[in-house]
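Working notes, structure below.
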């Protein structure tokens, strides 16, 4: 009897989850054993992260718990630390179950390997960025940013210091891609609603700035979409500074390459991504950007038994010869399905196919009832584009459970008023308790 093929998937993002789901549906009983490794126990649906930050969707509903969805798949909570492909083993670092003890090292054998660890934020050597910047790649960062923005409104409403008030109400976002543009637009829309409930604050008191080093925002889209989005943002008194770079952040002052200096207590960094650095440690072929070099069938070049897709892979775009597929969720989801089908075809001795998908358009939500879209050469904006954005992503959110929860959030958000309370204490839940303990010990010593 032939033993089952051991399939190891590294990464639980769009590619990892959808590949595992596809295999789960199409594998024959006993044909293979699937193991998925990821540092987190859930997948984040990135396109709805900005809405989660603005409170339009519950943050828990834009994540998909891997163990609940992937029945029959062994999920390992760990991080790839090394690879010995000739021996078909992967070294995985697993956090210790006991606080204070060092992590454990596992050696996972495999016959077929799928590498999809995704990407990380591209951080530049800007003075002060590491100390003062706020990222926007995870649910935790989205929730933290929402709390931070509302805390700044609280601070501005309760201070009589004009300089402090100005800095609290200035919000600078660096990076005009999907993440930066969407996050700024959604949070500005939320803050504009929130200031109605702050005595002495008006929407025009806030200063929102989008900084982009390129010639236009949303470079992933058609030029008309970027231009239309810029007009939409500027119509809401949001500054869009093109051809501008962040030079430094120090003492609450943001310095830009156009010579301006902004007093700001908020700096959000969304200036691009880069392939996960763990890929270079695999000793597999990578391109100049650190992505695994693949062929059009999603196999890693010159490495039998290894497949890759998504942000971690340089996949030739057969619809645009000489170029690679863009790093976005639209390609990642479709590549995952082709990867799973090709993997099964190779296991069964059948021919594999090429990944071929031509992007038909783009969608961007810019806050409640605001959006911009480009579909098959037709430009849409306003409520129509916003509704289309929601319809498309509701269809793409994995599992019916998550679709229902996201839809319920949208319906309730339309019927009820927005929540405008900062829950920053959630980020340090023991802070209050520790202050009580410290005070009690001090009082007892004094007694």
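No other residue among 37, 15, 94 is within 20 Å of residue 107 (Cβ to Cβ) and touching a residue at least 60 places away in the same chain (Cβ under 8 Å) apart from 37.
For the stretch 371-386, state whether one or more residues are touching a strand residue (DSSP E or B) at 6+ places or on another chain (Cβ under 7 Å), more than 30 Å from residue 28 (Cβ to Cβ) and assigned to a helix (DSSP H, G or I). Yes, that holds for at least one residue. Look at residue 72 and say whether it is assigned by TED's automatic domain parsing to the domain that holds residue 113 and either at pLDDT below 95 or not in a helix (DSSP H, G or I) (or both). Here the answer is no, as residue 72 does not meet what is asked.
Within the stretch 338-357, being out of contact with any strand residue (DSSP E or B) (no Cβ under 9 Å at 6 or more places or on another chain) and either at pLDDT below 95 or part of a loop (DSSP other than H, G, I, E, B) (or both) holds for 348, 349, 350, 351, 353, 356, 357.
On inspection, residue 48 does not qualify as modelled with pLDDT of 95 or more, surrounded by 14 or more Cβ atoms within 10 Å (Cβ to Cβ) and either outside the structural domain of residue 194 (by TED's automatic domain parsing) or in a loop (DSSP other than H, G, I, E, B) (or both).
For the stretch 326-335, filtering for residues that are in contact with a strand residue (DSSP E or B) (Cβ under 9 Å, 6 or more places away or on another chain) and at pLDDT 90 or above leaves 1. Screening 308, 313 for residues that are in the same structural domain as residue 11 (by TED's automatic domain parsing), within 20 Å of residue 44 (Cα to Cα) and over 18 Å from the mean Cα position of the chain (by Cα) leaves exactly one candidate, 308. Of the residues 149, 139, the single one that is touching a residue at least 60 places away in the same chain (Cβ under 8 Å), more than 30 Å from residue 343 (Cα to Cα) and in contact with a strand residue (DSSP E or B) (Cβ under 6 Å, 6 or more places away or on another chain) is 139. For residues in the stretch 325-345 being over 20 Å from the mean Cα position of the chain (by Cα) and in contact (Cβ under 8 Å) with a residue 12 or more places away in the chain, which is nearest to residue 291 (Cα to Cα)? It comes out as 339. Under the condition of being part of a strand (DSSP E or B) and crowded, with 24+ Cβ neighbours inside 10 Å, the residues counted in the stretch 8-33 number 3.
The values are calculated or read from the model by the stated rules, or taken from the named source; none is laboratory data. No experiment lies behind these values; they were computed from the predicted model shown. Cβ atoms come from the backbone with ideal geometry, glycine included; neighbour counts cover every protein chain shown.
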